[in-house]
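Everything below concerns the one structure shown next.
What follows draws every value from the coordinates through simple rules; no lab data is involved. Treat the numbers as computed from the prediction; the structure is a model and nothing was measured. Neighbour counts are summed over all protein chains in view; Cβ atoms, including those assigned to glycine, are modelled from backbone coordinates with ideal geometry.
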Amino acid sequence: MVNVSRVEFHGYSDCIRLENASARVTLGHQCGGRVLEYACEGVNVLELDPNQAGWTPESGRPGVDPWGGRFDIGPEKVLPPHPALWLGRWTAEVDVAGIARLTSEADPVTGAQLVREFELDAVSSRLRCTQTITNAGSSDRVWFHWSRTLVAGGGIVVVPLTQPSRFPNGYVMYGLDTTVDFLPEDPNIRVGDGFLEILDTPRYPKLCMDSHAGWLAYLATSDVLFVKRFATFPGRSYGDIVAPTVSVWYYEHLLCELEPIGPEERLAPGESASYTEEWWLVPHKFPERRDALDPAEIADVVRRVAT
């Protein structure tokens with residue numbers, strides 16, 4: 001059974017809370033439509049900046065780059081800034097089926113309007129997150145789903161790799177000067193037996209993969225495994241610069257951003273497209289030695305639990 005309530009959280013009143021015996025989800029609509037809390041056994045896997053607590057566009061405080069379970073639209077380097085979507089006040093409601101819905105205004109910059117729906121399973125930690133993009137403008141547009149979930153740093157990322165890959169080492173690494181290294185080598189990144197593992201802080205934080213396995217996992221130091229499942233489409237175009245299906249931004253031990261990326265959606269005025277991610281939280285012991293992690297064991301947990 002899912003309990004639905006309105007609560008105060010992270011300095012915001014009237015947040016939507018979905019809760020069952022396995023997980024707790026808290027949604028904020030006051031500064032972008034995002035997930036503020038996704039918790040298992042009282043541990044929030046998402047990372048929030050306490051200095052941003054209660055920030056709204058009307059607060060009079062300097063602007064922020066909000067933390068937590070963010071979503072966005074791409075392409076990253078082409079789309080102009082869109083603060084109405086990223087920082088604006090959204091509407092929030094829950095329907096009779098217990099699905100929470102956050103809705104943006106029609107963005108005056110891009111012409112996009114976004115709806116995000118969140119459905120917590122009755123008994124498990126599975127959270128279904130669906131973003132719908134509508135072209136509210138007057139001309140054809142090309143956008144795609146871009147997930148930008150910030151979690152507490154210092155954990156271990158596991159991404160299953162698939163073949164064929166356009167990347168010789170299974171991934172690429174962005175440099176600080178915006179160059180892209182297509183043959184990266186890093187002692188804290190391990191590739192082998194069909195998996196990529198980010199075991200610790202890489203040389204540069206932004207990595208991209210073109211995996212079509214449809215999942216990634218993050219083992220937090222708080223002994224929680226965060227799993228994301230998502231659809232991929234090998235026959236369709238992916239619109240970012242290196243056309244990834246997955247990106248990870250691993251910044252020291254402060255933050256890690258987990259980013260499933262959807263395919264391009266060509267939308268005429270009035271048309272919409274939706275993309276769904278499914279999230280799970282699973283208690284899992286963090287290894288005493290990072291290099292002792294067995295990615296095949298993580299894959300087995302995903303197969304058994306995150307289905």
For region 3-305, with the dipole built from +1 on Lys and Arg beta-carbon atoms and -1 on Asp and Glu ones, taken about the Cα centre, which of Leu176, Cys256, Pro234 lies farthest toward the positive end?
Pro234
Can you tell which of Thr276, His212, Ala152 lies farthest toward the positive end of the dipole of the chain, using +1 and -1 charges on the Cβ of basic and acidic side chains (Lys, Arg; Asp, Glu)?
Thr276
Of all trypsin sites (Lys or Arg not before Pro) in region 206-283, which ones are in loop regions per DSSP and have a Cβ with at most 14 other Cβ atoms within 10 Å?
Arg236
Is region 49-137 rounded, prolate or oblate when judged by the Cα gyration tensor, a ≥ b ≥ c being the square roots of its eigenvalues, rounded requiring a/c under 1.5 and prolate requiring a/b larger than b/c?
oblate
Between Ser272 and Gln163, what is 0.36 nm times their sequence separation minus the Cα-Cα distance? Round to one decimal in nm.
36.1 nm
Pick out, in residue order, every one of the GluC sites (Glu not before Pro) in region 214-307 that is DSSP loop and has at most 11 other C-beta atoms within 10 Å; say none if there are none.
Glu288
Quick check for you: which residues of region 77-109 have the amide N under 17 Å from the point 7 Å beyond the Cα of Met1 toward its beta carbon?
97-99
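Report the full-extension gain for the segment Asp14 to Phe286: residue separation times 0.36 nm, less the Cα-Cα distance, to one decimal in nm.
94.4 nm
Using the 2.2 N^0.38 Å rule of thumb for compact globular proteins, work out how region 147-212 stacks up: its C-alpha Rg over that value, please.
Values: Rg = 11.7 Å, N = 66, 2.2 N^0.38 = 10.8 Å.
That works out to 1.08 for region 147-212.
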Taking Phe233, Phe195 and counting other beta carbon atoms within 10 angstrom, the fewest-first order is Phe233, Phe195
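Within region 1-94, which GluC sites (Glu not before Pro) sit in a loop by DSSP and count at most 10 neighbouring Cβ atoms inside 10 Å? Let's see the in-between values first.
Numbers: sites: Glu8, Glu19, Glu37, Glu41, Glu47, Glu58, Glu76, Glu93; in loops: Glu41, Glu47, Glu58, Glu76.
Qualifying residues, ordered by number: Glu58.
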Note, region 3-19: 3J(HN,Hα) by Karplus (6.51, -1.76, 1.60, θ = phi - 60°), whole Hz, Gly/Pro = x, goes 8, 10, 8, 10, 9, 9, 7, 6, x, 10, 9, 6, 6, 7, 10, 10, 8
In debye, nearest 20, what is the charge dipole magnitude of region 3-305 about its Cα centre with +1 on Lys and Arg Cβ and -1 on Asp and Glu Cβ, if you could check?
320 debye
If you stretched the chain out fully between Leu183 and Asp140, how much longer would it get, using 0.36 nm times the residue separation minus the C-alpha to C-alpha distance?
11.8 nm
Determine, for Asp49, Asp300, the number of other Cβ atoms within 10 Å of each Cβ, and report the residues in order from fewest to most.
Asp300, Asp49
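If a/c stays under 1.5 just call it rounded; otherwise compare a/b with b/c (prolate if a/b is bigger, oblate if not). Do that for region 1-50, with a ≥ b ≥ c from the square roots of the Cα gyration tensor eigenvalues. Write out the running numbers ahead of the final one.
Details: a/c = 2.13, a/b = 1.28, b/c = 1.67.
Taking the square roots of the gyration eigenvalues as a ≥ b ≥ c, region 1-50 is oblate.
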Output ³J(HN,Hα) for region 219-225: one whole-Hz value per residue in order, computed from phi by the Karplus curve 6.51 cos²θ - 1.76 cosθ + 1.60 with θ = phi - 60°, and x for Gly and Pro.
8, 7, 5, 7, 6, 10, 9
Could you tell me whether region 166-266 comes out rounded, prolate or oblate from its Cα gyration tensor? Rule is a ≥ b ≥ c as square roots of the eigenvalues, rounded for a/c under 1.5, then prolate if a/b exceeds b/c, otherwise oblate.
oblate
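Sequence gap at least 6, Cα distance under 8 Å: using those rules, report the relative contact order of the chain to the nearest whole percent.
Working: 763 pairs, mean separation 53.3, N = 307.
17 percent.
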Region 1-46 and region 141-171: distance between their alpha carbon centers, rounded to Å:
25 Å
Taking H as built 1.01 Å from N, whose amide H comes closer than 5 Å to the amide H of Asp223, not counting residues under 5 places away?
Phe286
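Could you compute the net charge surrounding Phe167? Neighbours are other residues with a C-beta less than 15 Å from the C-beta of Phe167; K and R count +1, D and E count -1.
That sum, taken over residues with Cβ under 15 Å, equals -3.
Please give the net charge around Arg148, taking every other residue with its beta carbon less than 13 angstrom from that of Arg148, where Lys and Arg add +1 and Asp and Glu add -1.
Details: positive: Arg34, Arg70, Arg116, Lys206, Lys228; negative: Glu47, Asp65, Asp72, Glu76, Asp240, Glu257, Glu259, Glu277.
Summing Lys and Arg as +1 and Asp and Glu as -1 gives -3.
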Partner lysines for Lys285 [C-alpha distance under 22 Å; skip if fewer than 8 residues away on the same chain]:
Lys228
